Amino acid sequence: MSMKESSGKHATLGVGERADATSLLGPRNFGLVNWRGLWTLYQKEVQRFLNVFTQTVLAPVVVTLLFLAIFTLALARQGMAAGFSYAEFLAPGLVVMALLQNSFANTASSMVIAKVQGNIVDVLMPPLSAWELVAGFVGAAASPAGSWWARR
């Protein structure tokens with residue numbers, strides 16, 4: 001028996017017939033970018049970032065404050081730098097260093113942990129191109145301050 005059209009939209013199968021998924025669903029066309037897949041990857045990474053808050057936010061803040069205290073105590077005797085106190089001069093650089101270092105470390109650890117735990121397949125199997133994967137990971141790494149928005 002062949003597939004019959006019951007209402008023009010849904011196909012029904014006869015007894016003993018099998019149909020592949022493409023004949024029932026049709027091909028999925030994403031266009032140039034799979035926006036839903038990209039957004040889902042971004043949300044997954046931001047959720048992971050928020051779930052390990054003490055490791056991704058609290059630890060870098062403590063390390064940056066320790067750097068600031070040690071460098072200020074050790075090198076503050078040398079006076080002013082460009083008209084600012086040494087701590088005021090040093091703080092923006094330490095903040096940027098912590099942001100860059102931790103955004104790289106969080107993304108790298110996410111990929112390594114996924115490989116070790118065996119769930120890297122969940123990242124590689126969806127219909128995402130290499131550029132979409134990179135954009136999802138980089139976007140999530142670059143937006144720790146705006147991560148509350150992705151949580152909604």
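Modelled spin labels at W39 and V61, positioned 7 Å past Cα toward Cβ, are 3.1 nm from each other.
Phi angles of region 92-108 translate, via the Karplus equation with coefficients 6.51, -1.76, 1.60 and θ = phi - 60°, into HN-Hα couplings of x, x, 5, 5, 5, 4, 5, 4, 5, 5, 6, 5, 5, 5, 5, 5, 5 Hz per residue; Gly and Pro are given as x.
Read-outs: derived from the displayed coordinates by stated rules, not from any lab. These numbers come from a predicted model, not from an experiment. Cβ sites come from the backbone with ideal geometry, for glycine too, and all protein chains shown count toward neighbours.
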